[in-house]
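Here it is: the structure, laid out below.
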Amino acid sequence: MDYYDPTDLDERRAVAGDCIDALAYAIPTLVDKMDNQVNKAYAAWPTRLYLVGPDGRVVYAGGMAPFHYKPAEFKAAIEAYSAAAVER
């Protein structure tokens, strides 16, 4: 997929929706507002993976890409967190 930077929140949501569809994500996906406050708060540049629980606590904070970007580790964290949630 090739996109230009969205210029408003509707475009940003549309791009995120296309990514969700193309990658067949089965988890809720949130989109930062145009002021990028979540991105700034979590220092998500360069690319990082975060898992945030429903209570707002960071469950998993991945390392900086490209050298410490580990999607398999992130997937394992999601699976472990989901399994623990089922046990609760």
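Coordinate-derived values only; no laboratory data. Because the structure is predicted, anything quoted here is derived from the model rather than measured. FYI the Cβ positions are ideal-geometry reconstructions off the backbone, even for glycines, and counts take in every protein chain you see.
Taking segment 12-37 as the region of interest, how many residues are more than 12 Å from the chain's Cα centre (by Cα), surrounded by 10 or more Cβ atoms within 10 Å (Cβ to Cβ) and not in a helix (DSSP H, G or I)?
Total satisfying the criteria: 3.
For residues that are more than 18 Å from A72 (Cα to Cα) and in contact (Cβ under 8 Å) with a residue 12 or more places away in the chain, tally how many sit in segment 47-57.
So the answer is 1.
Ok, one more. Restricting the first residue to segment 3-30 and requiring it to be in contact (Cβ under 8 Å) with a residue 40 or more places away in the chain, which pairs with a second residue that is in a helix (DSSP H, G or I) meet a Cβ separation below 8 Å and a spacing of at least six or different chains?
Correct list of pairs: I27/I78.
Additional query: Taking segment 44-60 as the search range and keeping residues that are exposed (fewer than 14 other Cβ atoms within 10 Å of the Cβ) and of a type in the set (G, A, S), which one is farthest from L23 (Cα to Cα)?
For segment 44-60, the residue satisfying everything is G56.
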